[in-house]
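Notes follow the structure.
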Amino acid sequence: MKKLSLLKVAVLAMPLIFAACGSKKKVVTDDKPVVVQAGQAQFLQKVKDNAQTTKFITSKVKFSVEVGAQNIALTGNLKMKRDDVIRLQLMAFGFVEAARLEFTKDYVLIMDRINKQYLKAPYMSIDFLRNSGLNFHSLQALFWNELFQPNRTALTQEDLQKYKTTEAGDDVVISLEDSKIDYSWLVNENTGFIKMANILYKDRLNGNSQLNWDYVNFATLESNNTKFPDDMNVTLTTQKKEVKLRIKLNYIKHETDWETRTEVSNKYREVSIDDILQRFMAL
């Protein structure tokens, strides 16, 4: 596969990773889990209290995308404003923007710069987002190393009571079960930082699929001396394909002087999510 073709695969795969489900891994323990009764509420509160207070996160990003036996390295930019927007810009050859993914509270924007195409749609109109109960705040929680619950914008004390905690050696597994979706987080017992998040989507007709989000390393933010994930592995496995993505943040800053919404030029052709999915599955 030529580099440009693989770049197109990466452009198509990125939005699917960030919005859908998928991996072969799942948070499990070797022994029968023991429910953590004493201190469960305190531990959940400890994890919740690790949430960042900074409003802006901006960073240069290195991406490594693996699709089957092929892989490609990309650079880009990540810009996030808490509770407002997440923007990822993928660069080709180091200086040409190949794709832009923008997630706001109200819609998802996917821009394919190579083919001059875009998709802009509310979360509820995209089947795999609606079915998985994922929204902007869920995606934000994955980037910011936080707990979340489907269709919730923030966690209340009542929400915390819905989680289960089980011992897993030196770690704790936090889980939340639904009729079609299992959510689980592997958390360091001492620090309360999440080491891995997993979403298992159960589909009897088409087969199960999962999203696995591993936190490899944390950087210390100079602004408030707190920890923020700067190295993450994301794996998407469907019944037909597996896509692996590594996200490495470099030079984390807190820039505020940037437009938080992208205006789409009339030179771009609007396409549907089905068009993007069909192109991706045909590659």
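If you take all other residues with their beta carbon under 15 Å from the beta carbon of ASN188, and give Lys and Arg +1 and Asp and Glu -1, the sum is -3.
Distance between the 7 Å Cα→Cβ label points at SER125 and LYS62: 3.9 nm.
Shown in residue order for segment 85-100 are the 3J(HN,Hα) couplings computed by the Karplus curve 6.51 cos²θ - 1.76 cosθ + 1.60 at θ = phi - 60°: 7, 10, 10, 10, 10, 9, 9, 9, 6, x, 9, 9, 6, 8, 7, 9 Hz (x for Gly and Pro).
Using a probe radius of 1.4 angstrom, the carbon and sulfur fraction of the accessible surface of segment 93-235 is 46%.
Per residue, the solvent-accessible area of segment 130-264 (1.4 Å probe, heavy atoms of protein chains only, all protein chains present) comes to 50 Å². If you take all other residues with their beta carbon under 12 Å from the beta carbon of VAL264, and give Lys and Arg +1 and Asp and Glu -1, the sum is +3.
The values are calculated or read from the model by the stated rules, or taken from the named source; none is laboratory data. All figures in this text were calculated on a predicted structure; none of them were measured in a lab. Every residue, glycine among them, receives a Cβ derived from its backbone with ideal geometry; neighbour counts consider all protein chains shown. Please note that ligands, DNA and RNA were not included when accessible areas were found on the heavy atoms of the full protein model with its side chains. Shrake-Rupley method; radii C 1.70, N 1.55, O 1.52, S 1.80 Å.
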